[in-house]
1. If packing is taken as the average count of other Cβ atoms within 10 Å, what order do 371-382, 102-113 fall into, highest mean first?
2. Run the numbers for E128 and I170: contour at 0.36 nm per residue of separation, minus the present Cα-Cα distance, in nm.
3. Can you tally the net charge around F28? Count Lys and Arg as +1, Asp and Glu as -1, for every other residue whose Cβ sits under 15 Å from the Cβ of F28.
4. Find how much the distance from T91 to T264 grows on full extension, using 0.36 nm per residue of separation minus their present alpha carbon separation; answer in nm with one decimal.
5. What is the local net charge at S280, summed over the other residues whose Cβ is closer than 14 Å to its Cβ (Lys, Arg +1; Asp, Glu -1)?
6. Apply 1/(1 + (r/R0)^6) to the Cβ-Cβ distance of N442 and H219, taking R0 = 45 Å, and write down the FRET efficiency to the nearest 0.05.
7. For Y48 and E226, what is the calculated FRET efficiency with R₀ set at 30 Å and r taken between the beta-carbons, to the nearest 0.05?
8. Could you check the spin-label model distance between L38 and E428? Points 7 Å from the Cα along Cα→Cβ, value in nm.
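Each value in this text was obtained by applying a stated rule to the coordinates, not by laboratory testing. As the structure is a prediction and not an experimental result, all values here were calculated from the model. Using ideal geometry, Cβ is built from the backbone for each residue, glycine included, and neighbour counts are taken over all protein chains shown.
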Amino acid sequence: MKRWPLWRKRPSETEGIRRGGLPLRWRFAVLTAFSIALLSIIAVLTAYFAVRESFLDDLKTALKQDATKLADLYSGRTEALQFSPETSNGTLIIQIYDLNGLLLAASDSVYELGENALPQAVVLSAIEGSKDWQGKLNGEDVIAAMAIFNRGVVAVINNTEFIETSLARIAKRLLLTALILIALSSLAGYLVTVTAMRPISNLAILAERLGPDNLEPIHYTGPRDEVGQLTHVLNDLLKRLGVSMNAQKTFLAETSHELRTPLTSLQGFLERASRKAPPSVKRDLEDARRISQSMSRLVADLLQLSRGELVREMVPHLIDPLEDILAPIAEEYPGVSLKGELDETIVGDPERLRQLIRNLVSNAIRITEDPTKVELSFYYEGNFAILEVRDHGPGIPKDLQARIFDKFYKGPGGGAGLGLAIAKQIAEAHNGTLVLDSKVTNGASFKLKLPIMEEPDDEHLVAW
C-alpha cells in the first residue's frame, strides 16, 4: 500500500466538503422559512402603507367636498350644509381667509391665532388651483382642504390622530398575522423539504450498503427526475467498477496460475541443488529455497484473495517474536533498527508472521527511501505481545487511513491493493490485530498485537 510523500499532494476525498454544517434538509427549510418571512414582512409593510394612503386620500377627498360645500354656502349658492361622514372623526376646524391669504376667523379661538394659521403662500396657491395641504398646526398633524368663494378662501382642517390610532391597531393585527404565517411556513417548509429529500435519503442509504463485494445496481422505481438521473449515473458507475474489479481479479488469478508452475519448478531445482551442493554454498541455497517457498505462499494468497477467499492456511509453532520474526527481517534489510528483549513465547506461523512484517517494512522503506528511518520493536502490553513497525517518513493522509486495509483499495500511486489486506488477515488468523496508530504525528506506526501463550495452572494438570 503506497503512502503519499509530502512533495506530492494527494487530492482529498472530502475536498470542498464543509464539516459541521447544517444538513441539506435543514438548509432548505431555513431558506424557505426566511424567504416566506421576508415576503410576509414586505406584504405587511405594503399593506400598512397602502391602508394609510387610502385613509389619507379618503380624508382629503372628504375635506375637499366639505370645503366646496362651505364655499357654496358662503357664496349664497346653497342654504344647507351637511359634512361628509369621513370628517366626523377627529377635530374639524374651519378657517376663513381673505383673498390676500390673511386669516380672518376660525371656528375655534385657538386657531384664530397667527401661529395656527395656514402659511400665506399655501392659501394663495389655493387661488391658483392647489386645493389641499398637509402639515402641523397647534402641534398636531393635520390635513387642510381649501375652496374659493367670492370674498376669500375657506379652509376645512382635520387632524389625523384617529387615522394613526386605527393604523396602529391594523399594524398589530398585521404583525400577528405575519408571525403566524412565518411559524406555519417554517413548519410547512420543513415538512415539504423532508418529503422532497426522502428519495435522496433513501438513495444514500442504498448507496451506503454498496462495497467491493456488493456492486449490485440500485433499484429505483420513481419517475425520470433528478433522483432518477442520479440513480442512473450511480448504476452506470457501479457497472464500470464491477467490470474493472472483475478484470483485476481475472488478472490476479491468471498471473497467480502462471507463476505457480515456475515457482514449483524453482523449488524442485533448489532442493536438488541443495542436496548436491558443498557445505560452503548450502546455506545460501537453503535461504533461496525458503524465499521461493514464501513467494509460492504469497502467490497462493493472491489467488485466494482474487477469488474472495480468506487467507487461513497456517502452520503454528512455538516462536519467540524477537528472535524468530523481527531479527530475520532486520537482517534482510540492513539499516533497519531493532529493539526488544527475548522473553515470552507465542504460538504462530513464523513464515506468515514474517510475511506480514516484511510487507510493512518494505512499504516503509519504499516511502522513506532510507532503511535507517525504519524501526522494529517488540514489547508487551498486558497479556499481549506488540510487534511494531515504525517509520519517520511523510506519514499516511488522514482521508486514506480508514481504508488502507480494504481489499483492492489503493491510491493513485498504483499497486494491487492486496498487501495490507493480506497482512490484516494473517493477524486475525493468529487471533491478533493489526492497526495503524493514528496518534503518531511523525511518520507512520503499524502495531501487530498477538496473545501471549499462558502458563498452565498446576492445579489443573492431570497425571497420566
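1. 371-382, 102-113
2. Values: separation 42, 0.36 × 42 = 15.12 nm, distance 3.78 nm.
Going from the current span to full extension adds 11.3 nm.
3. Numbers: positive: R25, R27, R198; negative: E226.
Every neighbour counted, the sum reads +2.
4. Numbers: separation 173, 0.36 × 173 = 62.28 nm, distance 11.77 nm.
That works out to 50.5 nm of additional length.
5. On the way: positive: K276, K282, R283; negative: D284, E286, D287.
Every neighbour counted, the sum reads 0.
6. Working: r = 48 Å, r/R0 = 1.07.
E between N442 and H219, to the nearest 0.05, is 0.40.
7. Working: r = 41 Å, r/R0 = 1.35.
So the FRET efficiency works out to roughly 0.15.
8. 5.3 nm
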